[in-house]
Amino acid sequence: MGIELVIFIAAILFGIFLYWRESNSNNVYRFLNKIVNSKELQMSPDNPKGFVYKQSLLPRIIFVVSLVLVSALIVEFLTPIAVFSSYNGVSAFASFAVGTLIGTYVAGFVIKSTEVIEEQSESLEDKFDDVVDKGKDFIEDLRTKEPKVVEEAKKEIEREPEVEKQSARDRLKDKGLM
């Protein structure tokens with residue numbers, strides 16, 4: 001299990017490297033596209049698509065598995081390492097393929113989030129400045145204004161106390177009618 005984990009992590013890093021490399025330049029994909037397709041079907045010069053960069057899931061899986069399969073066949077026939085003759089070799093092959101695929105998606109997420117952060121950085125700075133200004137205004141209001149309870153108490157004190165009026169019963173008693 002230990003070696004498979006190391007292979008899986010190395011495959012994730014390889015997938016990140018592969019995606020990053022294709023995001024910078026897709027010359028190999030363009031060359032293969034130029035060889036395979038006719039002039040009308042070739043990709044446009046401003047198309048950034050590559051083997052894994054800007055590809056959907058299925059073509060990406062096909063490319064990654066075929067790349068790992070060709071690499072495993074080369075290792076199988078040129079070195080004494082037997083990749084396909086044991087469970088461990090097949091498991092390492094599968095771990096490397098899945099790890100590479102996951103690495104391409106991790107790299108895609110990182111690159112996309114970096115672009116969004118750079119695009120939104122100026123508006124975020126403006127929003128942050130507005131929040132800071134509003135916070136300063138709020139703190140200033142807290143310092144200068146008295147609480148509502150104190151203001152209401154002052155208003156009540158400023159009002160003249162009302163003279164208590166006699167009730168109708170007391171007035172009738174004063175007149176002697178009751």
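Observations on the model:
- Stretching Leu58 away from Phe77 to a fully extended chain increases their span by 4.0 nm, per 0.36 nm per residue minus the current alpha-carbon distance.
- Per residue, the accessible area of the chain comes to 80 Å² when a 1.4 Å probe rolls over the protein heavy atoms.
- Solvent-accessible area of Val65, all protein chains in place: 60 Å² (probe radius 1.4 Å, heavy atoms, ligands and nucleic acids excluded).
- Distance between modelled label sites at Val116 and Ser66, nm, 7 Å Cα→Cβ extension: 3.2
- With helices as the sole contributors, the chain gives -26000 deg cm²/dmol at 222 nm; each DSSP H run of n ≥ 4 counts as -39500 (n - 2.57), and the sum is divided by every residue.
- Accessible carbon and sulfur surface of the chain relative to its total accessible area, %, 1.4 Å: 64
- Structure remark: mean-square fluctuation, Gaussian network model of the chain, C-alpha springs under 10 Å; the largest value among Ala107, Ala168, Ala153 belongs to Ala168.
- The relative contact order of region 1-145 comes to 36 percent, based on Cα pairs under 8 Å that sit 6 or more residues apart.
- Label-point separation in nm, Phe128 to Ser167, each point 7 Å along Cα→Cβ: 6.9
- Listed residues Phe17, Phe84, Phe138, most fluctuating in the chain (Gaussian network, C-alpha, under 10 Å): Phe138
- Given 10 as the ceiling on other Cβ atoms within 10 Å, longest exposed-site-free region of the chain for trypsin sites (Lys or Arg not before Pro) in DSSP loops: 40-144
The values are calculated or read from the model by the stated rules, or taken from the named source; none is laboratory data. Values in this document were obtained by computation on a predicted structure and should not be read as measured data. Counting neighbours? That spans all protein chains shown, and the Cβs are built from the backbone with ideal geometry, glycine included. To get the accessible areas, we keep the full protein, side chains included, count just its heavy atoms, and leave off ligands, DNA and RNA. Shrake-Rupley method; radii C 1.70, N 1.55, O 1.52, S 1.80 Å.
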